[in-house]
Amino acid sequence: MTSFLNPLIAFVSAHPELAYLTVFLAALLEAVPVVGSVIPGSTIIFALSGLIPGGELRLEWVLAAAAAGALLGDGSAFWIGHRAKGEILSSWPMSRYPQLVKRSEALFRRWGALAVFFARFVPPIRAFVPITAGALDMPPPRFYAVNIPAILLWAAAHVLPGVLAITALHKYGGIPHHTGIGKHYWMLSVLAGALIFALGVWIFRRRHGGGVIEPAAVRKDP
């Protein structure tokens with residue numbers, strides 16, 4: 001794994017604009033209904049944040065890329081729902097994920113604006129709440145008044161842990177900045193955590209006969 005991370009870090013150092021684009025796309029795709037339930041955008045952003053303390057990436061640009069991608073994704077989903085109204089929630093591909101649609105609709109009807117705020121931090125429901133909010137006629141100014149602060153907080157929560165972790169490893173772990181070992185530790189930890197989480201979700205779904213991200217079964221007429 002280290003042999004893979006070394007050229008990756010070198011490539012990012014030489015082409016930081018591609019790393020910012022990757023962060024932007026990860027945040028954007030994670031906010032797209034249905035697609036966002038399977039895209040590991042948070043994992044990508046967490047991992048790349050470890051390259052900030054060494055100077056490969058700049059903190060302000062990573063935060064901006066993450067926030068811009070999430071804002072475009074959430075905003076696009078909201079306006080699609082706002083224009084299509086409730087019909088979108090029962091149309092393809094939303095109709096293939098009735099459990100998530102039902103959960104997001106119930107969450108929004110109960111909590112309103114708070115659902116938009118807190119859903120941003122809860123995968124995979126965050127990919128469904130914005131379009132649901134639009135479909136259920138939430139006023140656009142109210143949506144953005146809640147969504148933008150949530151996105152800014154979400155971006156900081158996904159980027160700053162990597163910066164703090166690598167900085168702590170260098171400062172208190174006695175690891176020189178130029179070695180890049182701290183970055184390897186952080187990225188490997190993030191990847192391992194993501195794999196463990198995915199395994200846990202898979203086991204849960206197996207034991208409970210499916211899960212919230214399972215598409216609805218296709219009915220066949222006898």
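Can you give the FRET efficiency to the nearest 0.05 for PHE121 and SER90, using r as the Cβ-Cβ distance and R₀ = 25 Å? Don't jump to the answer; show the numbers that get you there.
Working: r = 27 Å, r/R0 = 1.07.
For PHE121 and SER90, the calculated efficiency is 0.40.
Mind putting a number on the dipole of segment 28-99 about its Cα centre? Charges go on the C-beta only, +1 for Lys and Arg and -1 for Asp and Glu, and I need it in Debye to the nearest 20.
Working: 4 positive and 5 negative charges, 48 e Å.
Dipole size: approximately 240 debye.
Whole-Hz ³J(HN,Hα) for each residue in segment 66-79, computed from phi via Karplus 6.51 cos²θ - 1.76 cosθ + 1.60 with θ = phi - 60°, x for glycine and proline: what do you get?
Those phi angles translate into 5, 5, 5, x, 5, 5, 5, x, 5, x, 5, 4, 4, 6 Hz.
Could you go through segment 86-92 in sequence order and give the Karplus-derived ³J(HN,Hα) for each residue, using 6.51 cos²θ - 1.76 cosθ + 1.60 with θ = phi - 60°, rounded to whole Hz, and x for Gly and Pro?
Each residue of segment 86-92 in turn: x, 4, 5, 6, 10, 9, 5 Hz.
Under the definition of Cα pairs under 8 Å and six or more residues apart, what whole-number percent is the relative contact order of segment 85-142? Could the numbers behind the result be given before it?
Numbers: 43 pairs, mean separation 24.3, N = 58.
With pairs under 8 Å counted, the relative contact order is 42 percent.
What net charge do the residues around LEU29 carry, taking every other residue with its C-beta under 14 Å from that of LEU29, with Lys and Arg at +1 and Asp and Glu at -1? Intermediate values should be presented prior to the final figure.
Numbers: positive: ARG126; negative: GLU30, ASP74.
Computed value for this residue: -1.
For segment 126-172 and segment 42-63, what is the separation of their C-alpha centers, rounded to whole Å?
That distance is 16 Å.
Given contacts defined as C-alpha pairs under 8 Å and at least six residues apart, what's the relative contact order of segment 1-105, whole-number percent?
30 percent
Readers should treat all values here as calculations from the given coordinates under stated rules, not as data from a laboratory. Just so it is clear, the model here is predicted, and its values are computed rather than measured. Note that we place each Cβ from the backbone using ideal geometry, even for glycine, and neighbour counts take in every protein chain shown.
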